[in-house]
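Bear in mind these aren't lab numbers, they're just calculated from the coordinates by the rules spelled out. Everything numeric here is computed off the predicted structure, so don't read it as measured data. Counting neighbours? That spans all protein chains shown, and the Cβs are built from the backbone with ideal geometry, glycine included.
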Amino acid sequence: MKRVDPPWVSDHFCWCGTGGAHLHDLLPLPYTQEAVRIVSERARMLQDFLEVPFALENTSSYLTYTASSMTEWQFVSEIAERADIGLLFDVNNVYVAAYNHGFDAYEFVRNVPHERIVQIHLAGHTNLGNYIIDTHDRPVIDPVWDLYGETIEHTGPVSTLIEWDDDIPPLEVVLQEAERARSVRDAAVARRASGRTVRHTSAPAVQKRDPAVPISPAHKAWTQGGPRETAAAEAT
Ligand SMILES: [Fe+2]
């Protein structure tokens with residue numbers, strides 16, 4: 001951080017280790033007041049220590065906890081306000097979590113503290129029907145572009161990063177994605193300036209997973225490497 005001198009530093013709303021073991025994935029937190037208190041205290045401590053603004057990013061997730069007593073957007077918002085930190089807002093992660101857990105992605109986007117959003121992430125994912133795995137190995141889908149447009153209407157022109165970590169295409173394809181991000185952002189900024197914003201009344205693009213449909217045994221048997229590798233195997 002001293003060498004790069006960044007305007008802010010970020011990490012994720014997640015946990016990764018317990019009992020001396022460290023897990024190589026971003027595991028979701030329970031959305032409880034106890035977790036709000038713990039994460040807020042640590043984020044504030046870290047920000048004070050680093051002496052640069054600190055931000056936390058919402059993650060993609062594949063499970064929830066029965067102990068949770070609030071929504072994910074309430075959880076991230078309360079921590080951001082309490083710790084006085086920024087948000088790194090991953091629009092694709094909102095879509096993936098909304099799909100996997102059956103909540104309204106637009107409600108999430110509308111209710112977080114927009115002035116705290118320091119950067120936006122977009123990515124492609126793998127939809128396996130019952131659930132989505134956040135593979136970052138393909139183009140951003142149209143419903144995520146729509147969600148991004150509405151996010152920008154709330155935030156203004158926040159810098160945007162497209163995450164593409166696997167099965168990386170030729171540079172022109174990546175540049176086209178970046179160009180699309182610019183055009184969606186510019187259109188949303190223009191709508192914001194004119195006051196003619198688009199408001200989805202529900203979550204038309206985000207389907208709820210049918211809990212009556214069982215998850216196939218093949219999906220349960222994760223191999224070493226975790227969900228992304230499983231998605232790659234199932235998609236072929
Ligand atoms: Fe991200």
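What residue, of 122, 147, 88, 128, is in contact (Cβ under 8 Å) with a residue 60 or more places away in the chain, aliphatic (A, V, I, L, M) and closer than 25 Å to residue 8 by Cα? Unique residue meeting the criteria: 88. Identify all residues within region 78-102 that are touching a Ser or Thr at 6+ places or on another chain (Cβ under 8 Å), within 26 Å of residue 181 (Cα to Cα) and of a type in the set (Val, Ile, Thr); write none if there are none. Within region 78-102, 91, 96 meet the criteria.
Checked across region 54-64, the condition of being away from the ligand (no atom under 16 Å from the Cβ) and assigned to a loop (DSSP other than H, G, I, E, B) holds for at least one residue. Taking region 108-132 as the search range and keeping residues that are away from the ligand (no atom under 13 Å from the Cβ) and closer than 18 Å to residue 192 by Cβ, which one is surrounded by the most Cβ atoms within 10 Å (Cβ to Cβ)? If we take residues in region 108-132 being away from the ligand (no atom under 13 Å from the Cβ) and closer than 18 Å to residue 192 by Cβ, then 109 is surrounded by the most Cβ atoms within 10 Å (Cβ to Cβ). A Cβ distance below 6 Å, combined with a sequence gap of six or more or placement on separate chains, defines the contacts here; from region 159-176, residues that are under 24 Å from residue 89 (Cβ atoms) reach residues that are within 16 Å of the ligand (Cβ to nearest atom) and among the hydrophobic types (A, V, I, L, M, F, W, C) in the pairs 160/120; 160/181; 162/122; 163/123.
Can you tell me which residue within region 44-61, out of those that are farther than 17 Å from residue 112 by Cα and touching a helix residue (DSSP H, G or I) at 6+ places or on another chain (Cβ under 6 Å), is surrounded by the fewest Cβ atoms within 10 Å (Cβ to Cβ)?
Residue satisfying both the conditions and the ranking: 44.
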